[in-house]
Amino acid sequence: MTTTTDPAQDPRQDSASGRDWTDTAIEIASGATAVAMFAYGVALSYSVLHRIAQASGLPAWAADLWPLGFEAFMASAALNALAEQRTRAAQATWWRRVPWYPWALTACTAGGSILLNWFHPAIPLDPPPGWLVSLVYGLPPLAAVFAWHLFLQRLAHRRRQERQQAKQDTAWPGRSGELDTTPTDPLAAVRALLASETPASRVTASHVQQLTGLSRSRAYAVLRQVRTQTPGPNGQPALSGLEETPTSHRKD
């Protein structure tokens, strides 16, 4: 005699559900601890850097802002590094997938902050050494230059993406994603275009030119040659769709 177990009362499901809740609780506790430790570290670092800025002779308002600028630049460089790394995921080699420039700026800024916090008990602040005063006064404009450069890089990258997207949008419908995988044989490329041609989307010489990189006149000639070799429904050459007239062909 066989008995069936009600899925709603299956103890294995209860244990799995219990493990899910346990994992969720651990993740929440771990995340909360990490956020608390991060906030504590930032507050402690701010206190040390603020004391150094005051000892170096900065005005009160500048001494309040100096640690914030230091940490803000580190965060900005790290975010730029992450954003740039996302665009390099398709690179074949690992070292091309790493945005070295923003990561180097992040490492330098984080390393400087850690060193100042670590060794500040050994640094005399009454009076402070000359190199420390030079560091306090010279670091903000230097960080501003690098921050502005990172920002311009992001703008340039965004414009490149927009231009690439615009080229894909103006390409023949359904073939925009194949511009980077063009066959070396233009005849084979045109045959592939004609194989997926529909009455609503006719292949023209402009499409052939975009796909193969040929000149306009050569693209027209190749398209006409392939259409001549391709029989239509009535057995005649399929020459329809040659929107580029011979006049435009002769202009090239």
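Worth a mention:
- Among the residues listed as 145, 133, the single one being surrounded by 11 or more Cβ atoms within 10 Å (Cβ to Cβ), closer than 30 Å to residue 59 by Cα and modelled with pLDDT of 95 or more: 133
- Residue 226 vs. criteria modelled with pLDDT of 80 or more and not in a helix (DSSP H, G or I): no
- Hey, residue 95 surrounded by fewer than 16 Cβ atoms within 10 Å (Cβ to Cβ) and assigned to a helix (DSSP H, G or I) or not: yes
- Identity of the residue in the stretch 196-214, over 17 Å from residue 225 (Cβ atoms) and of a type in the set (Ser, Thr, Tyr), that ends up farthest from the chain's Cα centre (by Cα): 198
- Members of the stretch 197-211 found to be of a type in the set (Ser, Thr, Tyr) and touching an Asp or Glu at 6+ places or on another chain (Cβ under 9 Å), listed by number: 204, 206
- Meets criteria (over 25 Å from residue 42 (Cα atoms), assigned to a helix (DSSP H, G or I) and either out of contact with any Ser or Thr (no Cβ under 6 Å at 6 or more places or on another chain) or at pLDDT below 95 (or both)) for residue 88: no
The values are calculated or read from the model by the stated rules, or taken from the named source; none is laboratory data. None of these values were measured; they are calculated from a predicted model. Quick reminder, even Gly has a Cβ in these numbers, built from the backbone with ideal geometry, and neighbours come from all protein chains shown.
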